[in-house]
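Read the structure below first, then the notes.
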């Protein structure tokens, strides 16, 4: 089956994994717990590559230098957009426009607390024209917190349970941010997250392209991975990470250059190295 663009459902363009994938990943111990299998596969795929050690260094940096997981009132602050929308939807749902978007009044309220909206120079009107708000709302649907039905935005069962449980919401996000349906997307997203959380300034997407090609990913016609392939994964990933604040920790430059807040870096670390003490998974 294909979508409206003729692409296979459950994937983008036909991307093929390396012809020889390791069947077993050597268990590696780090500060918090066993290395995430996704990272192990990448390190194995980069075996004998000059890119392996720099990536291993980034993993070590991610574990040892990332800010601690927010708690208490601070956790409420860093997840303010998520909690606001879940609470706004409530038990009865939030009516949408005839076109299926958030109403302008709701768009303005959400935009005012969304870190990725810092520095937005355009008018805040309809959701269709305010991309950070639109993509953030779609992100909450993608991770199973919201759903649309008959012109109304509803909270899912888990969304209702987590709207007053910031710690539980954080744990839910750590298990859902990395896409898992398509192997290419999962590997690419894992690379992006590690680089995002360990890069000062703007992330170098070309570095991700080089690593994917070094691991022998490519298209069915033999052509290599290019920037566009990475951006297919990078864009929705940023709308998830860029929403983690608090808003006052973001700047116009950081929003434009896609530089995460300290709490967003902590979220990335907890995605790949959940702390067993807080039951992150």
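For the reader, a short list of remarks on this structure follows.
- Residue that is farthest from residue 170 (Cα to Cα), among those in the stretch 127-153 that are in contact with a strand residue (DSSP E or B) (Cβ under 8 Å, 6 or more places away or on another chain) and crowded, with 18+ Cβ neighbours inside 10 Å: 153
- Scanning the stretch 158-185 for residues that are in a helix (DSSP H, G or I), farther than 23 Å from residue 38 by Cα and without any contact (Cβ under 8 Å) to a residue 40 or more places away in the chain gives 158, 161, 168.
- Count of the stretch 66-98 residues which are farther than 30 Å from residue 152 by Cβ and either surrounded by 12 or more Cβ atoms within 10 Å (Cβ to Cβ) or touching a residue at least 40 places away in the same chain (Cβ under 8 Å) (or both): 7
- Every listed requirement among (1) part of a helix (DSSP H, G or I); (2) buried (at least 23 other Cβ atoms within 10 Å of the Cβ) is met by residue 238 save one, (2).
- Failed item, numbered, when residue 268 is tested on (1) at pLDDT below 95; (2) in contact with a helix residue (DSSP H, G or I) (Cβ under 7 Å, 6 or more places away or on another chain); (3) surrounded by 14 or more Cβ atoms within 10 Å (Cβ to Cβ): (1)
- Qualifying residue in the stretch 212-223 (condition: under 26 Å from residue 114 (Cα atoms) and not in a loop (DSSP other than H, G, I, E, B)): no
- Any chance residue 182 is modelled with pLDDT under 95 and in contact with a strand residue (DSSP E or B) (Cβ under 9 Å, 6 or more places away or on another chain): yes
- Condition check for residue 244: crowded, with 21+ Cβ neighbours inside 10 Å, in the same structural domain as residue 192 (by TED's automatic domain parsing) and within 17 Å of the chain's Cα centre (by Cα): no
- Check on residue 196, in the same structural domain as residue 60 (by TED's automatic domain parsing), part of a helix (DSSP H, G or I) and out of contact with any strand residue (DSSP E or B) (no Cβ under 8 Å at 6 or more places or on another chain): yes
- Qualifying residues in the stretch 220-231 (those that are surrounded by fewer than 17 Cβ atoms within 10 Å (Cβ to Cβ) and touching a helix residue (DSSP H, G or I) at 6+ places or on another chain (Cβ under 8 Å)) - the one farthest from residue 132 (Cα to Cα): 224
- Within the stretch 215-230, one or more residues are farther than 29 Å from residue 165 by Cα, within 15 Å of the chain's Cα centre (by Cα) and in the same structural domain as residue 37 (by TED's automatic domain parsing).
The values are calculated or read from the model by the stated rules, or taken from the named source; none is laboratory data. Here the structure is a predicted model, which is why all the values come from computation and not from measurement. In this analysis, Cβ positions are derived from the backbone assuming ideal geometry, glycine residues included, and neighbour counts consider all displayed protein chains.
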